[in-house]
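Enquirer: Submitted below is the structure of interest, expressed as structure tokens.
The values are calculated or read from the model by the stated rules, or taken from the named source; none is laboratory data. Fair warning: this is a prediction, and the values are worked out from it, not measured in the lab. When we count neighbours, we look across all protein chains shown, and the Cβ atoms used for this are built from the backbone with ideal geometry, even at glycine.
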Amino acid sequence: MTGRTMQAHPAGEHEAAAAIQHGQSGMPTALLGMLLFIASEVMFFGGLFATYFNARATTPGTWGPPEGAHELDFALAGALTAILVASSFTMQFGVWAVRRGDSGKLKMWTGITLILGVLFLMGQLYDYSQLGFGIADGVFGTTFYTLTGFHGAHVFGGAVGLTIILARAVRGQFSARNHVAVEAVGMYWHFVDVVWIAVFSTIYLLR
Amino acid sequence: MATTTLEPRAGTYRRSWVLDWLTTVDHKKIGILYIANSFLFFFAAGILALVIRTELAVPGMQFLDQATYNQAFTMHGTIMLFLFIIPALSGFGNYIVPLQLGAPDMAFPRINALSFWLLPLGGILIFSGYLFGGAAAEGWTGYSPLTSDQYSPGVGTDLWIIGLTLVGMASILGAVNFIATIFKMRAPGMTLFRMPIFVWTVLVTAVLILLATPVLAAGLIALFIDRNYGGSFFDPSVGGNPVLWQHIFWFFGHPEVYIVILPAMGVVSEILPVFSRKPLFGYRAFVFATIAIGLLSFSVWAHHMFTTGSVFLPFFSFMTALIAIPTGIKMFNWLATLWRGKLMLTTPMLFALGFLSMFLIGGISGVMLASPPVDFHVQDTYFVVAHLHYVFFGGSVFGVFAATYYWFPKMFGRKLNEPLGKIHFWIHFIGFNLAFFPMHQLGLDGMPRRISDYSPDAGWNLLNLVSTVGAFMIAVSIVPLLINVIATFINGEPAGDDPWEGNTLEWATTSPPPPHNFDRLPPIHSERPLFFLTHGHGHAAARPADLEENDEDDVERRGGAV
């Protein structure tokens, strides 16, 4: 407290707590933080995609798994895409439920989203086990496993977040007014889904 | 905020001093931790610089072998950039930005603590290569294929990758925190265009960190996969592309240059108006120039790669030259601020003026390097080393010292001794120019960077010796600084709340501020709320736009007595 402040404004000052009001309007600060973090994640995947396209552009001959390995399993990857896209919808149903204050539906939809996410990860591991080539087998293998692997790691991170949301929902910690964590994890889950759509389109569709 | 009254007041219970600092989430303590940590790494990397300059003082290999020399310049560059300049400026940002915004803390205090503690961890990992058969030795740019497991089999390079990734994560988390703080934590009345310039530069810097650093992380991870899991991102024998590393590194690396310089520009823009007793000339032009530099910084990375033959020279040359325009605007902002000002040559002002002149030299040699015909001749010579030291050291580090002298009284309640500060400045300034100006000529004479020895007949002997003398002068100049800091802690002149008659809100509270920063805030009608407070409405009327913008709570806070 400076003497000068007192002198210049003897009257009309609010109390300290009332005078210093922050972040009272607009997007919750935590949600803004998550959005910014996602922006940095977009750039991270941007870097990985750049390595993929650069390798593809500079590799002579056919682009794909090395000689003697299996072709990519398009059907399995398509099914996994459907699972992850569906999980984005179930996530959003959960977010809408908590906005209404319906914690029963929140628990249900979060649980379903978590199951779909785990299904996706198990399917991806199964796919890896069947492919017959590895990260060290040429630049296709390197970029394929790096892109899909880092995406998978992000799905895993999202699943951890969903588990926390589910546990907190079971304890009744969310309400229609107080549920910013659900919104943030929901946002992250949609991001992970969008990244997979980009990965799937790049690796499986743009052949 | 009724709940705050229910919590125990700060200071009502005791805990150990060490535990308090280890677990603090107070942005001011974290800021001081940042700065202290940065100076420790500065001393370590400075010793490495002396090692390099000692070896180069005269021709012949005197006391290093070539492998040790390579490690020395790699660690010097990496540590100076990633663990000194950036964290030091982040530290001042941490301490000052919430105060300048009138906020009680950063938006995410615990994430703030995390992003600090990742730094010493990353730095120790980078340095620990010395304990495991040798630190990274391929230059701070880590060019492929030097970094491949074939040419750098040691674990030092892996530790460098992991350490840098951690430091990068710390930066990203810090950037999220700064942006959220600036957008969500401003005091009532603190509109975006009333924010101090330092806050603006920190904001643009945070956006650059947020968008550029993850790309480096992707590159570092690719490099780690290449080295440890048989990947082939950068290995041309199995389809990879070594030039890809340069693209990724510089896509990060050029915004990085502005990450390093912009907050220093912000510091200078705080100091020059205060010690010229004038407002900053062209506040809005300065803000837009800062934003323009931030935007352009993403379109110039390949000017580091002119000689690879794989980039479109005219585009990157043109975009690079374009950056000189917003930078030039800032130069004129600063000069016009000084023009007919009532100049007070205090130590922070001297360092700010040092910044202006040295950064100008670095900026001019930068425009020279943006021209491909020049760049082809001086690529990888000491001319580039001279250029980058004039912008990083003459620019950013002068900014760090200016900030140190300027905000030390706020942080610790005592003013650093002025005569000692001036001795520090002059030895530093002369030493700096002795060390780095000759490098321009050495580069033009063809001396390549990163060599540990040179022929006695090359004609480089005298200039190298002069440069080494300058390097030791810089080291000597740190002695008065250390004496000054210690003496001030023991028996320094009390600073009072506002020793410099500052313009911005950090001077509106006590020195050091209480844990919650402000008991109450002065009204905020301009980017100089404290000037307004001291000199009253007579001066404010000179800016009718500000009065018109007054919102209702301003009127209310003045008790309706306008």
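Enquirer: Looking at (1) in a loop (DSSP other than H, G, I, E, B); (2) at pLDDT below 95, find the lone condition where B:A321 falls short.
Expert: (1)
Enquirer: How about region B:338-355: which of its residues are surrounded by fewer than 20 Cβ atoms within 10 Å (Cβ to Cβ) and not basic (K, R)?
Expert: Within region B:338-355, B:L338, B:W339, B:G341, B:L343, B:M344, B:L345 meet the criteria.
Enquirer: Now, a different point. With the structure loaded, tell me whether A:G141 is out of contact with any Leu (no Cβ under 8 Å at 6 or more places or on another chain), crowded, with 21+ Cβ neighbours inside 10 Å and within 19 Å of A:L35 (Cβ to Cβ) or whether it fails that test.
Expert: No; evaluated as a whole, the condition is false for this residue.
Enquirer: For region A:52-76, how many residues are more than 19 Å from A:A136 (Cβ to Cβ) and touching an Asp or Glu at 6+ places or on another chain (Cβ under 7 Å)?
Expert: The qualifying residues number 2.
For every residue, the table says whether it meets (1) in a helix (DSSP H, G or I); (2) closer than 20 Å to B:V204 by Cα.
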position: B:I325; (1), (2): yes, yes
position: B:L345; (1), (2): no, no
position: B:I364; (1), (2): yes, no
position: B:A386; (1), (2): yes, no
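Conditions tested, residue by residue: (1) under 14 Å from B:I261 (Cα atoms); (2) of a type in the set (F, W, Y).
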| position | (1), (2) |
| --- | --- |
| B:N333 | no, no |
| B:L350 | no, no |
| B:G366 | yes, no |
| B:Y390 | yes, yes |
| B:F401 | yes, yes |
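Enquirer: Scan (1) surrounded by 21 or more Cβ atoms within 10 Å (Cβ to Cβ); (2) under 25 Å from B:I225 (Cα atoms); (3) modelled with pLDDT of 95 or more for the single condition A:L114 breaks and write down its number.
Expert: Tallying (1) surrounded by 21 or more Cβ atoms within 10 Å (Cβ to Cβ); (2) under 25 Å from B:I225 (Cα atoms); (3) modelled with pLDDT of 95 or more, A:L114 fails exactly one: (2).
Enquirer: If you don't mind, there's one more thing I want to ask. Is it the case, given these coordinates, that B:W339 is touching a residue at least 40 places away in the same chain (Cβ under 8 Å) and more than 17 Å from B:L262 (Cα to Cα)?
Expert: Against the criterion (touching a residue at least 40 places away in the same chain (Cβ under 8 Å) and more than 17 Å from B:L262 (Cα to Cα)), B:W339 qualifies.
Enquirer: With respect to B:V202, determine if the residue is more than 8 Å from chain A (Cβ to nearest Cβ), under 26 Å from the mean Cα position of the chain (by Cα), among the hydrophobic types (A, V, I, L, M, F, W, C) and surrounded by 24 or more Cβ atoms within 10 Å (Cβ to Cβ).
Expert: yes
Enquirer: Taking B:H440 as the residue in question, decide whether it is touching a residue at least 60 places away in the same chain (Cβ under 8 Å), part of a helix (DSSP H, G or I) and in contact with a Phe, Trp or Tyr (Cβ under 8 Å, 6 or more places away or on another chain).
Expert: yes
Enquirer: Can you tell me which of B:D519, B:D498 is within 22 Å of B:G266 (Cβ to Cβ), at pLDDT below 95, surrounded by fewer than 22 Cβ atoms within 10 Å (Cβ to Cβ) and within 14 Å of chain A (Cβ to nearest Cβ)?
Expert: Within the list B:D519, B:D498, the selection yields B:D498.
Enquirer: Determine if region B:177-199 includes at least one residue that is within 13 Å of another protein chain (Cβ to nearest Cβ), in a helix (DSSP H, G or I) and more than 30 Å from B:A285 (Cβ to Cβ).
Expert: Looking for residues that are within 13 Å of another protein chain (Cβ to nearest Cβ), in a helix (DSSP H, G or I) and more than 30 Å from B:A285 (Cβ to Cβ), one finds none in region B:177-199, hence no.
Enquirer: State all residues of region B:207-262 that are at the interface with another protein chain (Cβ under 8 Å from one of its Cβ atoms), in contact with a Leu (Cβ under 8 Å, 6 or more places away or on another chain) and not in a helix (DSSP H, G or I); if no residue qualifies, say none.
Expert: Of everything in region B:207-262, just one residue is at the interface with another protein chain (Cβ under 8 Å from one of its Cβ atoms), in contact with a Leu (Cβ under 8 Å, 6 or more places away or on another chain) and not in a helix (DSSP H, G or I), namely B:F233.
Enquirer: Related question: Checking the conditions here, which among A:S40, A:S88 is more than 12 Å from chain B (Cβ to nearest Cβ), modelled with pLDDT of 95 or more and either crowded, with 18+ Cβ neighbours inside 10 Å or assigned to a loop (DSSP other than H, G, I, E, B) (or both)?
Expert: A:S88
Enquirer: Does B:P145 qualify as being more than 23 Å from the chain's Cα centre (by Cα), of a type outside the set (K, R) and within 30 Å of B:G231 (Cα to Cα)?
Expert: Yes.
Enquirer: Please give the number of the condition B:M447 fails out of (1) over 24 Å from the mean Cα position of the chain (by Cα); (2) more than 23 Å from B:N70 (Cα to Cα).
Expert: The number of the failed condition is (2).
Enquirer: Right, next: Counting only residues that are of a type in the set (S, T, Y) and either touching a residue at least 60 places away in the same chain (Cβ under 8 Å) or at the interface with another protein chain (Cβ under 10 Å from one of its Cβ atoms) (or both), which one in region A:43-80 is surrounded by the fewest Cβ atoms within 10 Å (Cβ to Cβ)?
Expert: Top of the filtered list is A:T58.
Residue by residue, here is whether (1) crowded, with 24+ Cβ neighbours inside 10 Å; (2) closer than 15 Å to B:G123 by Cα; (3) touching a Leu at 6+ places or on another chain (Cβ under 7 Å) holds:
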site	(1), (2), (3)
B:L64	no, no, no
B:A67	no, no, no
B:N70	no, no, no
B:T74	yes, yes, no
B:A88	yes, yes, no
B:P98	yes, no, no
B:D105	no, no, no
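Enquirer: While we're looking at this one, here's another question. Somewhere in region A:135-143, is a residue under 19 Å from the mean Cα position of the chain (by Cα), within 14 Å of chain B (Cβ to nearest Cβ) and at negative phi?
Expert: Among the residues of region A:135-143, not one is under 19 Å from the mean Cα position of the chain (by Cα), within 14 Å of chain B (Cβ to nearest Cβ) and at negative phi, which makes the answer no.
Enquirer: Give the residue, chosen from B:I86, B:I52, B:I47, B:I79, that is farther than 30 Å from B:W460 by Cβ, out of contact with any Pro (no Cβ under 6 Å at 6 or more places or on another chain) and either at pLDDT 95 or above or of a type in the set (A, V, I, L, M, F, W, C) (or both).
Expert: B:I86
Enquirer: Next up: What residue, of B:L465, B:L530, B:L481, is of a type in the set (A, V, I, L, M, F, W, C) and within 14 Å of another protein chain (Cβ to nearest Cβ)?
Expert: None of the other options fit; the residue is B:L530.
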